[in-house]
2 protein chains.
Amino acid sequence: MNRNKYRMIYQELSGKIINGEYKQNEQLPSENLLVKQYSVSRETVRKALSLLQTNGFIQKLKGKGSVVIYNESMNFPVSQLISFEEIKESLNMDYITRVESFEKVFAYEHPRVMTALNLTEQTELFRVVRTRRKGDKVNIIDTDYFLVDLMPVLTKEIAEQSIYSYIENKLGQIISFSNKAITFEPMTETELELFGEVTPPYAATVRSIVHLANALPFQYNISKHRASEFKFVDFSRRAVNKK
Amino acid sequence: MNRNKYRMIYQELSGKIINGEYKQNEQLPSENLLVKQYSVSRETVRKALSLLQTNGFIQKLKGKGSVVIYNESMNFPVSQLISFEEIKESLNMDYITRVESFEKVFAYEHPRVMTALNLTEQTELFRVVRTRRKGDKVNIIDTDYFLVDLMPVLTKEIAEQSIYSYIENKLGQIISFSNKAITFEPMTETELELFGEVTPPYAATVRSIVHLANALPFQYNISKHRASEFKFVDFSRRAVNKK
DNA sequence: AAGTGGTCTAGACCACCCG
DNA sequence: GGGTGGTCTAGACCACTTC
């Protein structure tokens with residue numbers, strides 16, 4: 001249930017675009033029409049359309065209208081802040097998650113994480129290593145660090161399901177934004193063991209620092225993929241800096 | 001010269017954040033204060049702040065204010081739609097661009113490009129191959145395809161400078177958005193020749209389809225990087241889909 | 001209670017596109 | 001000239017934070 005009018009309109013329109021009710025290169029109804037259809041003010045309609053535009057669904061053309069630019073082959077937004085379970089669901093993938101390691105550690109044992117999350121040495125962290133398998137083949141190794149203070153009762157069982165769902169639905173926290181870096185790195189021996197034979201022995205590595213809505217950094221994630229099968233898709237707009 | 005009030009405010013505030021006048025974790029002035037300072041309505045201030053938020057400069061906190069989350073180590077947005085010359089300028093890099101090849105081709109000779117840009121077989125394209133060198137070392141190979149119809153007078157000399165600047169400043173076209181995909185691919189023999197010895201013989205590959213403001217796809221770009229030196233940085237927000 | 005950001009409205013004027 | 005999107009305003013009510 002979303003009581004915001006502009007979000008409701010956003011969801012209805014984005015849904016219709018994803019379903020193919022509005023296809024690529026087709027026009028959306030004009031703003032004035034949407035104003036009448038939804039019985040809202042024009043600024044409210046415009047808020048919904050702006051969201052569609054920044055998320056890559058439409059392009060607004062001055063004097064003409066809003067045209068759909070989304071097409072399915074955009075392969076879905078790995079570039080969004082989205083959990084593995086959510087991707088799995090939206091793409092109907094048959095991956096299995098296995099928790100390889102689940103422990104409490106101190107921040108100073110993982111200096112890179114300590115720096116990234118801006119922690120003191122004695123801060124306690126959960127360190128969770130999970131593999132994502134298709135059949136017998138390991139495709140992704142995820143290593144996550146979470147603040148113990150934020151979720152005192154994280155368990156291995158929760159980690160097998162969706163930790164994000166736990167944070168948002170059980171803990172009532174709002175996950176908001178992240179910084180990511182993608183690199184290609186030689187695999188470590190541990191990684192080679194988990195992956196099995198891999199050529200080349202390189203991993204596409206995505207490191208993320210994830211923040212809550214109150215701007216607190218609460219998660220550090222390292223996601224390793226077989227390089228040969230990795231694909232990161234992104235939608236971006238040119239900055240409005242130009243004078 | 002930007003006559004839009006909200007863009008002026010956006011630029012002034014983002015400038016102050018980049019300069020360090022507002023530092024990470026500091027508060028921006030409240031919306032009401034900004035209304036008074038700039039003598040504009042609150043919605044105009046809010047438009048500027050929204051832009052700062054979607055571009056990763058601030059996080060707005062209900063009941064509290066806007067806090068700066070930008071920090072320099074974000075290493076600048078390779079994830080934006082930005083030309084190599086612009087990156088070079090903003091990071092003070094000492095790269096040299098060399099045009100390795102400059103020719104006119106037909107779309108049907110490059111089927112992948114034809115499909116991506118949605119062209120007919122006989123459409124003419126410029127195909128430009130450029131290397132980006134630091135000293136004698138080739139770090140990036142860029143292959144670009146542009147619509148001949150759009151810029152009948154593209155020359156090798158322009159390609160040595162910034163083609164984006166040419167398109168925007170000379171042709172008056174507005175570059176607007178792009179789809180990118182990042183993959184990890186074996187190098188071809190041509191690429192190995194240009195790069196020289198590389199281990200591993202794999203390239204971090206970024207393919208982009210770039211569109212103008214009228215939604216016309218006009219450029220297909222393939223950017224190959226030495227895998228060992230590649231780093232892609234991204235800022236993303238969690239989607240507002242949640243009910 | 002006072003201050004902050006979030007949503008929504010009704011209306012205005014403008015620039016752009018197209019027939 | 002009529003339709004479309006872009007910008008801006010003044011005011012309203014709400015929810016959240018802080019004291």
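The values are calculated or read from the model by the stated rules, or taken from the named source; none is laboratory data. Nothing here was measured: the structure is a model prediction, and the numbers come from that model. With ideal geometry, Cβ positions are generated from the backbone for all residues, glycine too; neighbour counts draw on all protein chains shown. Note: areas computed on protein heavy atoms with side chains; ligands, DNA, RNA excluded. Shrake-Rupley method; radii C 1.70, N 1.55, O 1.52, S 1.80 Å.
Just checking, how many residues over the stretch A:65-76 are part of a loop (DSSP other than H, G, I, E, B) and either β-branched (Val, Ile, Thr) or modelled with pLDDT of 95 or more (or both)?
1
Got a sec? Which of A:Ser223, A:Ser176 is within 11 Å of chain B (Cβ to nearest Cβ) and open to solvent by less than 20 Å² (accessible area, probe 1.4 Å)?
After applying the criteria, what remains is A:Ser176.
Does the stretch A:27-60 hold any residues that are open to solvent by less than 30 Å² (accessible area, probe 1.4 Å) and either near DNA strand D (Cβ under 9 Å from one of its atoms) or assigned to a strand (DSSP E or B) (or both), and which are they? Before you say what the answer is, go through the steps one by one.
Keep residues of the stretch A:27-60 that are open to solvent by less than 30 Å² (accessible area, probe 1.4 Å), which gives A:28-29, A:34, A:40, A:45, A:48-49, A:52, A:56-59.
Scanning the stretch A:27-60 gives A:Leu28, A:Pro29, A:Leu34, A:Val45, A:Leu49, A:Ile58, A:Gln59.
Please state which one of B:Thr199, B:Thr190, B:Thr183 is farther than 15 Å from A:Phe184 by Cα and either assigned to a loop (DSSP other than H, G, I, E, B) or modelled with pLDDT of 85 or more (or both).
Exactly one residue qualifies, and that residue is B:Thr190.
Right, A:Val99: away from chain B (no Cβ under 14 Å), surrounded by 17 or more Cβ atoms within 10 Å (Cβ to Cβ) and modelled with pLDDT of 90 or more or not?
Taking the combined requirement at face value, the residue does not satisfy it.
Please enumerate the residues belonging to the stretch A:190-205 that are over 19 Å from A:Gly135 (Cα atoms), buried (at least 17 other Cβ atoms within 10 Å of the Cβ) and more than 9 Å from chain B (Cβ to nearest Cβ).
Hits for the stretch A:190-205 are A:Ala203, A:Thr205.
Answer yes or no as to whether B:Ser208 is assigned by TED's automatic domain parsing to the domain that holds B:Thr155, part of a strand (DSSP E or B) and open to solvent by less than 60 Å² (accessible area, probe 1.4 Å).
yes
Among the listed residues B:Met151, B:Met187, identify the single one that is farther than 30 Å from A:Lys180 by Cα, more than 10 Å from chain A (Cβ to nearest Cβ), more than 14 Å from the chain's Cα centre (by Cα) and open to solvent by less than 50 Å² (accessible area, probe 1.4 Å).
B:Met151
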